[in-house]
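Input: a single structure, listed below in C-alpha coordinates.
The values are calculated or read from the model by the stated rules, or taken from the named source; none is laboratory data. Keep in mind that this is a model prediction, so the values were computed, not measured. FYI the Cβ positions are ideal-geometry reconstructions off the backbone, even for glycines, and counts take in every protein chain you see. SASA here: full protein model, heavy atoms, side chains in, ligands and nucleic acids out. Shrake-Rupley method; radii C 1.70, N 1.55, O 1.52, S 1.80 Å.
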Amino acid sequence: MAERKPALSTAAALIPEKAAFQQIREIAAGCQACDLYRNATQTVFGEGKLRARVMFVGEQPGHEEDLAGKPFVGPAGRLLDKALDRAGVSRDLVYVTNVVKHFKWEPRGKRRIHAKPNAGQIQACMPWLQAELRFVKPDAVVCLGATAAQALLGRSFRVTQQRGKWIESQWSAKTMATVHPSAILRAPDEETRRREMQRFIDDLTKIRDVLETPQAA
Ligand code: URA
(Lines give C-alpha, C1' and ligand atoms only; values in the text may rest on other atoms or scores of the structure.)
Protein backbone atom coordinates (compact mmCIF):
# COMPACT_ATOMS: atom_id res chain seq x y z
CA MET A 1 0.00 0.00 0.00
CA ALA A 2 1.33 3.46 -0.89
CA GLU A 3 2.54 5.40 2.12
CA ARG A 4 0.43 8.45 2.95
CA LYS A 5 2.14 11.82 2.85
CA PRO A 6 2.24 13.33 6.35
CA ALA A 7 -0.39 16.04 6.78
CA LEU A 8 0.83 19.60 7.24
CA SER A 9 1.33 20.14 10.92
CA THR A 10 -1.28 22.45 12.37
CA ALA A 11 -0.31 25.56 14.29
CA ALA A 12 -0.72 23.58 17.53
CA ALA A 13 2.66 21.97 16.97
CA LEU A 14 4.24 25.43 16.90
CA ILE A 15 2.95 26.57 20.29
CA PRO A 16 5.21 25.71 23.24
CA GLU A 17 3.29 24.57 26.30
CA LYS A 18 4.36 27.43 28.54
CA ALA A 19 4.52 30.19 25.96
CA ALA A 20 3.61 33.73 26.94
CA PHE A 21 1.05 35.57 24.83
CA GLN A 22 3.61 37.80 23.12
CA GLN A 23 5.68 34.75 22.24
CA ILE A 24 2.64 33.09 20.66
CA ARG A 25 1.99 36.20 18.60
CA GLU A 26 5.61 36.17 17.42
CA ILE A 27 5.51 32.49 16.48
CA ALA A 28 2.24 33.02 14.61
CA ALA A 29 4.04 35.58 12.45
CA GLY A 30 5.99 32.71 10.89
CA CYS A 31 3.11 30.23 10.66
CA GLN A 32 3.15 27.90 7.65
CA ALA A 33 0.59 25.41 8.97
CA CYS A 34 -1.41 25.73 5.74
CA ASP A 35 -0.66 27.13 2.32
CA LEU A 36 -2.22 30.57 2.83
CA TYR A 37 1.02 32.18 4.05
CA ARG A 38 2.41 31.86 0.50
CA ASN A 39 0.22 34.59 -1.04
CA ALA A 40 -0.40 36.76 2.02
CA THR A 41 1.73 39.70 3.10
CA GLN A 42 1.79 38.73 6.76
CA THR A 43 -0.01 36.97 9.61
CA VAL A 44 -2.75 39.19 11.02
CA PHE A 45 -3.05 38.29 14.70
CA GLY A 46 -5.76 39.62 16.99
CA GLU A 47 -5.58 43.00 18.65
CA GLY A 48 -6.91 44.54 21.82
CA LYS A 49 -6.54 44.47 25.57
CA LEU A 50 -5.22 41.12 26.74
CA ARG A 51 -7.96 40.81 29.37
CA ALA A 52 -10.75 42.31 27.28
CA ARG A 53 -14.15 41.15 28.45
CA VAL A 54 -15.49 40.77 24.94
CA MET A 55 -13.83 39.12 21.95
CA PHE A 56 -14.98 39.59 18.35
CA VAL A 57 -14.11 36.86 15.90
CA GLY A 58 -14.30 37.47 12.16
CA GLU A 59 -13.43 35.21 9.24
CA GLN A 60 -10.03 36.29 7.92
CA PRO A 61 -8.16 39.51 7.18
CA GLY A 62 -9.05 41.35 3.99
CA HIS A 63 -6.87 43.31 1.57
CA GLU A 64 -6.32 46.30 3.87
CA GLU A 65 -5.81 44.16 6.98
CA ASP A 66 -3.24 42.08 5.10
CA LEU A 67 -1.25 45.20 4.27
CA ALA A 68 -1.63 46.83 7.70
CA GLY A 69 -1.12 43.65 9.76
CA LYS A 70 -4.16 44.57 11.88
CA PRO A 71 -7.65 43.03 11.96
CA PHE A 72 -10.77 44.93 10.87
CA VAL A 73 -9.16 48.13 9.63
CA GLY A 74 -10.66 48.03 6.11
CA PRO A 75 -14.25 48.73 4.98
CA ALA A 76 -15.76 45.99 7.17
CA GLY A 77 -13.77 47.26 10.15
CA ARG A 78 -14.96 50.82 9.60
CA LEU A 79 -18.55 49.60 9.52
CA LEU A 80 -17.92 47.59 12.70
CA ASP A 81 -16.49 50.71 14.38
CA LYS A 82 -19.53 52.74 13.39
CA ALA A 83 -21.92 50.04 14.67
CA LEU A 84 -20.01 49.72 17.95
CA ASP A 85 -20.11 53.46 18.39
CA ARG A 86 -23.87 53.53 17.79
CA ALA A 87 -24.30 50.58 20.18
CA GLY A 88 -22.40 52.52 22.86
CA VAL A 89 -19.49 50.08 22.99
CA SER A 90 -15.90 51.34 22.79
CA ARG A 91 -13.64 49.32 20.50
CA ASP A 92 -10.87 49.94 23.04
CA LEU A 93 -12.68 47.58 25.41
CA VAL A 94 -12.86 44.62 23.04
CA TYR A 95 -10.35 42.20 21.54
CA VAL A 96 -10.77 41.70 17.79
CA THR A 97 -9.48 38.74 15.83
CA ASN A 98 -10.22 36.27 13.04
CA VAL A 99 -10.56 32.50 12.66
CA VAL A 100 -7.96 32.49 9.87
CA LYS A 101 -4.91 34.69 10.22
CA HIS A 102 -3.77 34.97 6.59
CA PHE A 103 -5.62 36.71 3.73
CA LYS A 104 -6.93 34.23 1.16
CA TRP A 105 -7.56 35.89 -2.15
CA GLU A 106 -7.92 35.43 -5.88
CA PRO A 107 -6.72 37.91 -8.51
CA ARG A 108 -9.34 39.82 -10.45
CA GLY A 109 -7.58 42.19 -12.82
CA LYS A 110 -5.28 44.17 -10.56
CA ARG A 111 -7.44 43.56 -7.49
CA ARG A 112 -7.16 40.89 -4.81
CA ILE A 113 -10.62 39.49 -4.16
CA HIS A 114 -11.52 37.71 -0.91
CA ALA A 115 -11.80 33.91 -1.22
CA LYS A 116 -13.43 31.76 1.46
CA PRO A 117 -11.05 29.66 3.56
CA ASN A 118 -11.70 25.93 3.35
CA ALA A 119 -12.21 23.51 6.25
CA GLY A 120 -8.55 22.39 6.23
CA GLN A 121 -7.28 25.99 6.41
CA ILE A 122 -9.70 26.80 9.22
CA GLN A 123 -8.66 23.72 11.16
CA ALA A 124 -4.95 24.41 10.66
CA CYS A 125 -5.38 27.94 12.02
CA MET A 126 -7.67 27.16 14.98
CA PRO A 127 -4.87 26.72 17.55
CA TRP A 128 -4.06 30.45 17.27
CA LEU A 129 -7.65 31.41 18.04
CA GLN A 130 -7.79 28.86 20.84
CA ALA A 131 -4.62 30.40 22.31
CA GLU A 132 -6.16 33.89 22.10
CA LEU A 133 -9.27 32.61 23.88
CA ARG A 134 -7.15 30.94 26.56
CA PHE A 135 -5.25 34.12 27.31
CA VAL A 136 -7.98 36.73 26.94
CA LYS A 137 -10.60 34.60 28.75
CA PRO A 138 -13.44 36.83 27.53
CA ASP A 139 -16.76 36.89 29.35
CA ALA A 140 -18.40 37.08 25.95
CA VAL A 141 -17.48 36.09 22.40
CA VAL A 142 -19.21 37.60 19.37
CA CYS A 143 -18.87 35.65 16.13
CA LEU A 144 -19.13 37.83 13.04
CA GLY A 145 -20.60 35.74 10.24
CA ALA A 146 -20.99 32.06 9.49
CA THR A 147 -17.31 31.10 9.25
CA ALA A 148 -16.62 32.27 12.80
CA ALA A 149 -19.92 30.95 14.15
CA GLN A 150 -19.44 27.50 12.64
CA ALA A 151 -15.77 27.31 13.65
CA LEU A 152 -16.69 28.01 17.30
CA LEU A 153 -20.22 26.66 17.60
CA GLY A 154 -20.33 23.79 15.15
CA ARG A 155 -21.03 23.24 11.47
CA SER A 156 -24.79 23.05 11.96
CA PHE A 157 -24.99 26.55 13.50
CA ARG A 158 -27.10 28.91 11.35
CA VAL A 159 -26.55 32.63 11.86
CA THR A 160 -29.83 33.36 10.06
CA GLN A 161 -31.80 31.38 12.65
CA GLN A 162 -29.80 31.95 15.83
CA ARG A 163 -28.30 35.42 15.54
CA GLY A 164 -28.25 37.80 18.47
CA LYS A 165 -28.83 35.19 21.18
CA TRP A 166 -26.35 34.53 23.95
CA ILE A 167 -25.56 30.87 24.36
CA GLU A 168 -23.13 29.14 26.69
CA SER A 169 -20.21 27.52 24.90
CA GLN A 170 -16.87 25.99 25.73
CA TRP A 171 -15.28 29.36 24.85
CA SER A 172 -17.15 31.66 27.18
CA ALA A 173 -20.19 31.88 29.40
CA LYS A 174 -21.83 33.99 26.71
CA THR A 175 -21.28 33.44 22.99
CA MET A 176 -23.31 35.11 20.29
CA ALA A 177 -23.26 35.12 16.53
CA THR A 178 -24.37 37.93 14.30
CA VAL A 179 -23.85 38.85 10.67
CA HIS A 180 -20.48 39.77 9.23
CA PRO A 181 -20.21 43.51 8.56
CA SER A 182 -19.28 42.73 4.92
CA ALA A 183 -22.77 41.32 4.46
CA ILE A 184 -24.18 44.75 5.34
CA LEU A 185 -21.80 46.42 2.89
CA ARG A 186 -23.06 44.04 0.20
CA ALA A 187 -26.77 44.82 0.82
CA PRO A 188 -28.52 45.25 -2.54
CA ASP A 189 -30.08 48.64 -1.78
CA GLU A 190 -29.97 51.52 0.68
CA GLU A 191 -33.13 50.53 2.54
CA THR A 192 -31.86 46.95 3.16
CA ARG A 193 -28.47 48.31 4.25
CA ARG A 194 -30.11 50.69 6.73
CA ARG A 195 -32.33 47.93 8.15
CA GLU A 196 -29.50 45.40 8.42
CA MET A 197 -27.23 47.98 10.06
CA GLN A 198 -29.90 48.63 12.69
CA ARG A 199 -30.29 44.88 13.39
CA PHE A 200 -26.49 44.61 13.71
CA ILE A 201 -26.43 47.54 16.15
CA ASP A 202 -29.25 45.93 18.15
CA ASP A 203 -27.17 42.72 18.44
CA LEU A 204 -24.05 44.66 19.50
CA THR A 205 -26.02 46.65 22.07
CA LYS A 206 -26.39 43.41 24.07
CA ILE A 207 -22.65 43.61 24.80
CA ARG A 208 -23.29 46.58 27.08
CA ASP A 209 -24.80 44.29 29.72
CA VAL A 210 -21.56 42.30 29.77
CA LEU A 211 -19.41 45.40 30.07
CA GLU A 212 -21.64 46.89 32.76
CA THR A 213 -21.61 43.75 34.94
CA PRO A 214 -18.85 43.95 37.57
CA GLN A 215 -15.91 41.75 36.55
CA ALA A 216 -15.33 38.60 38.59
CA ALA A 217 -12.08 38.85 40.58
N1 URA B 1 -13.20 40.62 7.45
C2 URA B 1 -12.90 39.82 8.50
O3 URA B 1 -13.54 38.82 8.75
N4 URA B 1 -11.86 40.17 9.24
C5 URA B 1 -11.11 41.24 9.03
O6 URA B 1 -10.17 41.47 9.78
C7 URA B 1 -11.47 42.06 7.94
C8 URA B 1 -12.52 41.74 7.16
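Tell me the Rg and the Dmax, in Å, that the Cα atoms of the stretch 111-217 produce.
Here Rg and the maximum Cα pair distance are 15.2, 49 Å.
What is the total of Lys pairs in the chain with C-alpha atoms under 16 Å apart, excluding same-chain pairs fewer than 8 positions apart?
Pairs that pass both the separation and distance tests number 11.
State to the nearest 20 debye the size of the charge dipole of the stretch 20-209 about its Cα centre, where the only charges are +1 on K and R beta carbons and -1 on D and E beta carbons.
Details: 31 positive and 21 negative charges, 30 e Å.
So the dipole magnitude of the stretch 20-209 works out to roughly 140 debye.
Taking only the alpha-carbon positions of the stretch 1-124 and ignoring solvent, what does the Debye formula give for the base-10 log of I(q)/I(0) at q = 0.10, 0.12, 0.15, 0.21 Å⁻¹?
Relative scattering, expressed as log10 I(q)/I(0), comes to -0.36, -0.51, -0.76, -1.27.
Leaving out ligands, DNA and RNA, what percent of the accessible area of the chain is carbon and sulfur, probe 1.4 Å? Could you put the intermediate results ahead of the total?
Details: 6040 of 11900 Å².
Carbon and sulfur together cover 51 percent of it.
Using only the Cα atoms of the chain, what semi-axes does the equivalent ellipsoid have when each is the square root of 5 times a gyration tensor eigenvalue? Give whole Å, largest first.
Details: eigenvalues 150, 96, 53 Å².
Computed over the chain, the values are 27, 22, 16 Å.
Taking all protein chains together and a probe of 1.4 Å, list 156, 172, 90 from the most accessible to the least accessible. It would help to have the intermediate numbers written out before the result.
On the way: 156 95, 172 10, 90 50 Å².
If we order 156, 172, 90 from most to least accessible, we get 156, 90, 172.
Can you give the accessible area per residue of the chain, in Å², using a 1.4 Å probe? Each step should come with its number before you reach the end.
On the way: 11900 Å² over 217 residues.
That works out to 55 Å² per residue.
For every helix of n ≥ 4 consecutive DSSP H residues, a contribution of -39,500 (n - 2.57) applies; sum these over the chain, divide by its total residues, and give [θ] at 222 nm rounded to the nearest 500 deg cm²/dmol.
Details: 9 runs with 84 residues, N = 217.
Computed ellipticity for the chain at 222 nm equals -11000 deg cm²/dmol.
Over its Cα atoms, what ratio of radius of gyration to 2.2 N^0.38 Å does the stretch 98-148 give? Before the final figure, lay out each step's value.
Numbers: Rg = 13.4 Å, N = 51, 2.2 N^0.38 = 9.8 Å.
My calculation over the Cα atoms of the stretch 98-148 gives 1.37.
When the chain is treated as a GNM, springs tying every alpha-carbon pair under 10 Å, which of 190, 26, 64 comes out with the largest mean-square fluctuation?
190
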